[in-house]
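What follows is a single structure, written as structure tokens, with notes after it.
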Amino acid sequence: QVQLVESGGGLVQPGGSLRLSCAASGIIFSQYAMGWYRQAPGKQRELVAVISSGAGTNYADSVKGRFTISRDNAKNTVYLQMNSLKPEDTALYYCNANYRSFDFWGQGTQVTVSS
């Protein structure tokens with residue numbers, strides 16, 4: 001059974017930082033591209049960042065220079081370091097694992113940026 005379990009969300013003031021983690025089980029983690037997506041109320045889910053099996057990365061323009069995605073294949077975990085957070089970063093953040101036709105999602109972790 002595949003599980004993606006996100007953690008690290010919470011309430012933070014503008015300008016603050018959070019580090020999200022996503023622990024995967026039930027997959028050969030190193031084979032999968034791992035991504036972080038987010039969905040704000042009333043909006044569509046959007047890609048935040050993705051890291052390939054070879055550790056290549058890609059970011060949404062809105063988070064470039066502020067967010068960093070990384071992975072630890074030994075721990076089957078992908079991270080999202082979020083710095084200089086803005087109120088518009090408020091959303092439910094989802095972890096995604098993708099390999100060929102296989103596509104899995106976590107349940108999400110809430111990030112709220114507010115003073």
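Treating only the Cα positions of the chain as identical point scatterers, give the base-10 log of I(q)/I(0) from the Debye formula at each q in 0.16, 0.19 Å⁻¹. Values returned for q = 0.16, 0.19 Å⁻¹ are -0.66, -0.93.
State in Å² the accessible area per residue of the chain; use a 1.4 Å probe, count heavy atoms of protein chains only, and round to the nearest integer. Heavy-atom accessible area per residue stands at 53 Å².
When +1 charges are put on Lys and Arg Cβ atoms and -1 charges on Asp and Glu Cβ atoms, the dipole computed for the chain relative to its Cα centre reaches about 80 debye. Computed over region 7-71, the percent of Cα pairs more than 19 Å apart is 39.
For region 33-44, putting each phi into the Karplus relation 6.51 cos²θ - 1.76 cosθ + 1.60 with θ = phi - 60° gives couplings of 6, 10, x, 10, 10, 9, 9, 8, x, x, 10, 7 Hz, in residue order, rounded to whole numbers and with x for Gly and Pro.
With all protein chains in place and a 1.4 Å probe, the accessible surface of the chain carries 46 percent carbon and sulfur. Label-to-label distance for S53 and N83 is 3.1 nm, based on points extended 7 Å past Cα in the beta-carbon direction.
The values are calculated or read from the model by the stated rules, or taken from the named source; none is laboratory data. The shown structure was predicted, so the numbers you read here are calculated from the model rather than taken from an experiment. Here Cβ is always computed from backbone atoms with ideal geometry, including for glycine, and neighbour counts include all displayed protein chains. When the accessible area is computed, the model is the full protein with side chains, heavy atoms only, and any ligands, DNA or RNA have been set aside. Shrake-Rupley method; radii C 1.70, N 1.55, O 1.52, S 1.80 Å.
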